[in-house]
Amino acid sequence: MNGPRHILLVDDEAGLRFSVGLALRMAGFKVSEAADGKDALDTLIRCRDEGTPVDLVVTDLRMPNLSGIELVSALRQHEVQVHIFVISGSCDESVVNELAGAGGVEHMERPFLPEELIGRIVGILGRRAA
């Protein structure tokens with residue numbers, strides 16, 4: 001793969017998108033952003049169809065228009081092959097089990113340090129490349 005890995009950051013909180021996006025860019029990733037699940041789905045389909053697919057989606061669970069869980073389901077329906085990494089402040093056990101059942105989905109609870117998030121992302125992308 002040439003160039004930086006492409007991450008789509010999905011969260012309805014603009015401040016979080018800004019701070020996490022900045023940390024990811026400083027770590028060398030190409031970052032696209034979406035404010036909700038519907039915008040993310042549209043972006044992912046467009047990127048796939050243009051031949052510039054996203055390597056990893058980093059998404060919140062609770063968002064308007066399409067939640068993180070609904071986004072995962074919609075991606076499967078549209079046959080968009082991308083790894084999902086959920087960051088959320090409220091990941092109860094039933095949600096964790098639902099994510100595990102979706103396959104290719106990992107999660108991390110907030111709050112976290114930028115280094116922790118970047119470390120997890122590097123690990124996920126490293127496993128995907130192997």
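Within the set of pairs 6 or more residues apart or between chains, which connect a residue that is in contact (Cβ under 8 Å) with a residue 12 or more places away in the chain inside the stretch 17-38 to a residue that is acidic (Asp, Glu) and assigned to a helix (DSSP H, G or I) with Cβ atoms less than 7 Å apart?
Gly37/Glu70
Hey, among the residues in the stretch 1-30 that are under 26 Å from Glu70 (Cα atoms) and among the aliphatic types (A, V, I, L, M), which one's modelled with the lowest pLDDT?
Leu16
Give just the number: which of (1) closer than 21 Å to Leu16 by Cα; (2) modelled with pLDDT of 80 or more does Pro53 not satisfy?
All conditions are met except number (1).
Whether any residue in the stretch 69-92 is surrounded by fewer than 16 Cβ atoms within 10 Å (Cβ to Cβ), part of a helix (DSSP H, G or I), without any contact (Cβ under 8 Å) to a residue 24 or more places away in the chain and more than 15 Å from the chain's Cα centre (by Cα) is what I want to check.
yes
List pairs: first residue in the stretch 104-128 and within 14 Å of Leu24 (Cα to Cα), second residue among the aliphatic types (A, V, I, L, M) and modelled with pLDDT under 90 anywhere in the structure, Cβ distance under 8 angstrom, at least six positions apart or on different chains.
So the pair list comes out as Phe112/Ile87; Glu116/Met108; Leu117/Ile87; Leu117/Met108; Arg120/Met108.
Just checking, which of Val31, Val20, Val58, Val54 is touching a Cys at 6+ places or on another chain (Cβ under 8 Å) and surrounded by 18 or more Cβ atoms within 10 Å (Cβ to Cβ)?
Exactly one residue qualifies, and that residue is Val54.
The values are calculated or read from the model by the stated rules, or taken from the named source; none is laboratory data. Owing to the predicted nature of the structure, the values given are computational and were not obtained by experimental measurement. No Cβ is skipped: glycine too gets one built from the backbone with ideal geometry, and neighbour counts run over all protein chains shown.
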